[in-house]
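Note sheet for the following structure.
The values are calculated or read from the model by the stated rules, or taken from the named source; none is laboratory data. Quick caveat, the model's predicted, so the values are computed rather than measured. A quick note on method: Cβ atoms are made from the backbone with ideal geometry, for glycine too, and the neighbour counts reach across all protein chains shown. Just the protein is used for accessible areas: all its heavy atoms, side chains included, with ligands, DNA and RNA removed. Shrake-Rupley method; radii C 1.70, N 1.55, O 1.52, S 1.80 Å.
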Amino acid sequence: MTKSELVERLSEKLEFLTKKDCELIVETVFESMKEALKRGEKIEIRGFGSFTIRVRKAKTGRNPKTGEKVFIPEKKVPFFKVGKELREMINE
Amino acid sequence: MTKADLVEVIYEKVGLSKKEAKEIVEMIFSIMKETLKEGEKIKISGFGNFVVREKKPRRGRNPQTGEDLEISARRVLTFKASQLLKEYINSAETEEVSQ
């Protein structure tokens, strides 16, 4: 399922809203989640799961082609942990 | 951030009642859950992909008792953040919450 299919399914269930409204809503949901993660905030969606930011420390790596040392700066990585309800649901 | 915060944003941005906004946010996640339950993956461009993976049974050990046991076959959900999301959270650009 893609984002546009999600919009499609949502608008089928919500007859009082136009597809354009549904598009705006879905975009807003993911946009707000992105902004929260950027602020370093944890997102907890009860029944679905939680998103957190993990920090990968800076390290010295190597260019596998040339063997040259390269400095890899610290970076943030989004991490998702599935919620109990959803984990059980996909195993039913 | 919780579902309640998402409800608030939707309420402010789209001309809906709080009750409607709440129902819609719940609906979005329940559609996603139903989809994953069917084993179908979800691709949200600019955000990331949710994929259900099949795990084979394997031998494991209870770390507390040291006892051998079999870990049964199961399905797990993985999330892979999109390149755009990774770049966004690491960028210096100041976020502007468009209201």
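Show me, for the stretch B:27-33, the HN-Hα J-couplings you get by feeding each phi into the Karplus relation (A = 6.51, B = -1.76, C = 1.60, θ = phi - 60°), rounded to Hz, glycine and proline as x.
5, 4, 6, 6, 5, 5, 5
Please compute the length gained on full extension between B:E12 and B:S72, using 0.36 nm multiplied by the number of residues separating them and subtracting their Cα-Cα distance. Mind showing how you got there, number by number?
On the way: separation 60, 0.36 × 60 = 21.60 nm, distance 4.64 nm.
Result for the pair: 17.0 nm of gain on full extension.
What does the structure give for B:74-84 when I average, per residue, the other chain Cβ atoms found within 10 Å of the residue Cβ? Show your work: numbers first, answer last.
Details: counts 3, 5, 4, 11, 2, 7, 2, 7, 2, 0, 1.
Whole-number average of other-chain Cβ neighbours for B:74-84 is 4.
Per residue, how much space in cubic angstrom lies within the convex hull of the C-alpha atoms of the protein assembly as shown? Present the calculation step by step, with values, prior to reporting the outcome.
Numbers: hull volume 33.3 nm³, N = 191.
Residue-normalised Cα hull volume stands at 174 Å³.
Other chains near A:71-80: what is the mean number of their Cβ atoms within 10 Å of each residue's Cβ?
3
Taking the alpha-carbon set of the stretch B:1-55, what are its Rg and Dmax in Å?
Computed over the Cα atoms of the stretch B:1-55, radius of gyration and Dmax are 13.6, 44 Å.
Mind listing the phi-derived Karplus ³J(HN,Hα) values for the stretch B:53-67, rounded to whole Hz, using 6.51, -1.76 and 1.60 with θ = phi - 60°, and x for any glycine or proline?
So the J values, rounded to whole Hz, are 10, 8, 10, 6, x, 8, 6, x, 9, 6, x, 7, 9, x, 6.
Could you list which residues have their amide H under 5 Å from that of A:R46, counting only those 5 or more apart in sequence or on another chain, with H placed in the peptide plane?
For A:R46, whose amide H was placed from the backbone, the distant partners under 5 Å are B:K3.
Debye sum, Cα scatterers, the stretch B:33-91, no solvent: what log₁₀ I/I(0) at q = 0.16, 0.19, 0.20 1/Å?
Here the Debye-derived log intensity ratios amount to -0.68, -0.76, -0.78.
Compute the whole-percent fraction of alpha carbon pairs in chain A spaced more than 17 Å apart. Could the numbers behind the result be given before it?
Details: 2865 of 4186 pairs.
Distances greater than 17 Å cover 68 percent of the Cα pairs.
Assuming R0 = 30 Å, what is the FRET efficiency of A:K84 and B:N90, from their Cβ-Cβ distance, to the nearest 0.05? Before the final figure, lay out each step's value.
Working: r = 30 Å, r/R0 = 1.01.
It comes to 0.50.
At a 10 angstrom cut-off on C-beta neighbours, averaged per residue, how do the peptides B:25-33, A:49-57 rank from highest to lowest? Mind showing how you got there, number by number?
Working: B:25-33: 18.7, A:49-57: 14.6.
Result, highest mean Cβ count within 10 Å first: B:25-33, A:49-57.
Partner chain Cβ atoms within 10 Å, averaged over the residues of A:20-26 - can you pull that number for me?
Working: counts 0, 4, 4, 0, 3, 11, 5.
Going residue by residue through A:20-26 and averaging, the value is 4.
For the stretch A:42-92, what percent of Cα pairs sit more than 17 Å apart?
Values: 726 of 1275 pairs.
So the portion of pairs separated by more than 17 Å is 57 percent.
Based on alpha-carbon positions alone, could you give the equivalent ellipsoid semi-axes of chain B from the gyration tensor, as √(5λ), descending, whole Å?
Working: eigenvalues 260, 76, 41 Å².
Square roots of five times the eigenvalues give 36, 19, 14 Å.
Rank these by accessible area, largest first, 1.4 Å probe: B:T35, A:T60. Let's see the in-between values first.
On the way: B:T35 5, A:T60 95 Å².
Most to least solvent-accessible, the answer reads A:T60, B:T35.
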